[in-house]
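Laboratory data are not the source of any read-out in this text; all were calculated from the coordinates shown. Please read these numbers as outputs of a predicted model, since none were measured by experiment. Because the Cβ atoms are built from the backbone with ideal geometry, glycine has one as well, and the counts that use them run over all protein chains shown.
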Amino acid sequence: MPERLPPRPVQLLRTALAMSWSMLSLVVFIPLALLALPLDRRQRVHDVCSILWARGILALVGARLVVRGAEHVSRDERYVIVANHQSLLDAMAVVAALQPLTPIRMVARRGAFRIPIMGWGMRLFGHISVDPRSMRASLPGLQQAQQGVARRWSTVFFPEGTRSADGKMRPFHNSAFHIAARARVRVLPVTLSGSFELYPRHLHVVARSGEIHVIIHPPMGPLEQTHDAAVAASAACHQLIEAALPSARQEVPLQAQA
């Protein structure tokens, strides 16, 4: 683990500004999206507000987003989006990169829904609460995710279950792949890199400014509705995402396995 050095004033300032924007902007965005709901059943106002919210946080911490593979996303198709998890900035990077391409909702730990203002907005607009420690407690959220991706929007999973402690990928849980099979939608693998260096798990402030790369791979599937198919897809997706990380010995081309 890298040595913990005292944060510089600019790091503290960037973190404080980003946290302030994260909360204060939602005081405006959530009521605005709620007021629009009677005439906005597809929640497009929410989607635009979420993009502004995410891009504001990334800009304030000094993160520059680099997106590759946007051509693999069809606006008329819904996906189970599967991404690796390096940092607290990952959710913002996924929203900023993918929300303009397909309407998305996030699968997040139950604790995120207890955060004042942000958690309330997540519940109101269809984001999904799960408890990685308990499959039984997570079942209602997973059922909601399956219904949502089949009918309304793409759903984002971080199947490692938690942020990486050292930048390396952890094993995947298989729930996202079972849901994709049952909902008869394809899996969209996404590689995130750079966010760990900007905001690693062991720090409480951003470490530095820099680039976050979002690589959108071609969709996989549709999957057969069997346990073995879900496990195989999980392993293949993990390998594809991991191979595109800078630490991999060779880069995976974007015309990849369907």
Here, helices (runs of 4 or more DSSP H) confined to region 98-203 with at least 2 residues that are closer than 20 Å to residue 231 by Cα are 135-151, 175-183
Could you list, in sequence order, the residues of region 63-90 that are without any contact (Cβ under 8 Å) to a residue 60 or more places away in the chain and either buried (at least 23 other Cβ atoms within 10 Å of the Cβ) or within 26 Å of residue 182 (Cβ to Cβ) (or both)? 74, 75, 76
Per the filter on region 20-62, residues in contact (Cβ under 8 Å) with a residue 40 or more places away in the chain, under 16 Å from residue 99 (Cβ atoms) and not in a helix (DSSP H, G or I) are 42, 43
Out of region 206-242, which residues are under 30 Å from residue 13 (Cα atoms) and surrounded by fewer than 17 Cβ atoms within 10 Å (Cβ to Cβ)? 208, 209, 210, 211
